[in-house]
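Comments concern the structure below.
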Amino acid sequence: MITLTVLGCDGSYPGPSGAASGQGASGAASGYLVRSWGSGTALWIDAGPGTFANLQRFCDPLRLSAVVLTHEHGDHFSDIENLLTAGRWVLDFRREPIPVFASPGIRAKLAQEIDGILDWREVGDGEGVRAGDLQISFSRTDHPPVTHAVRVEGAGSALGYSADSGPGWSLEALGPGLDLALCEATYTSEYQGTAGHMTGREAGRSARAASVRRLVITHRWPTISAEGVRAEAAETFGGPVEQAAVGRGYSF
């Protein structure tokens, strides 16, 4: 069994957390914890601002099997700096460096050295890597700069994560048999084409084309109606759709 825990899901920047925001923004940008319960393998996928704090609610950072970073926009990687700070100065880091599988361009943006904390490896379109009992593969999306969607497979289950993408890429590129697709749906259709992301309608259409079994949408701009995006996605997906929320968990 694979589990997914949402650590952050706001699009492009973290909005104010809680109901006071009026839109239910999470207060944290993109970040997800994926675990294989049979082996204890734990992946931190994307490390947007606010996600390292939430990671610690669900997982000891020293027990991470690997980190996956999909692209160099700060809302997807900046909290890796907090892991480096904690590992260097606070945590009892008596373990091998944590493998990081990252798209090009991210390492050059780091303010700290990674020696002894992280084992950095750049990945490309079509590549596959392994962390514990989980197989991870990458597909370049329709989003500048170089951005890779992720397929995680193991324990008889498969997760697809779109990372950031415009509609020129589809979840179909991650291959068949996705038990759960975590797909960006940044805004509703009146914003279509304005920022290189998918609308709810486009995300639902992509998931339907890929024949995914379950669709969870994420990366919504904090100022956009959560229900509006969800309703669009459900219409084109043809089945139930859930909005990601911090702390929400899924098993498959």
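Before moving on, here are some points about what is shown:
- A protection proxy built from the mean count of other Cβ atoms within 10 Å ranks the segments 158-167, 31-40, most packed first, as 158-167, 31-40.
- Sorted by Cβ density within 10 Å, fewest first, the residues T5, T186: T5, T186
- Dipole of the stretch 2-251 computed with +1 at Lys/Arg Cβ and -1 at Asp/Glu Cβ about the Cα centre; of L4, P99, L69, farthest Cα towards the positive end is L4.
- About the centre of its Cα atoms, the stretch 141-252 shows a dipole size close to 220 debye [charges on the beta carbon of Lys, Arg (+1) and Asp, Glu (-1) only; nearest 20 debye].
- Counting every other Cβ atom within 10 Å of each residue's Cβ, V246, V212 order from fewest to most as V246, V212.
- Cα convex hull of the chain - mean projected area over all directions, nm²: 12.0
- With the highest mean first, a sort of the peptides 43-53, 57-67 on other beta-carbon atoms found within 10 angstrom per residue produces 43-53, 57-67.
- Average projected area [Cα convex hull, the stretch 56-115], square nanometres: 4.3
The numbers here are math on the coordinates, done by the rules we state, and not lab data. Computed from a prediction, not measured in an experiment: that's the story for all the values here. No Cβ is skipped: glycine too gets one built from the backbone with ideal geometry, and neighbour counts run over all protein chains shown.
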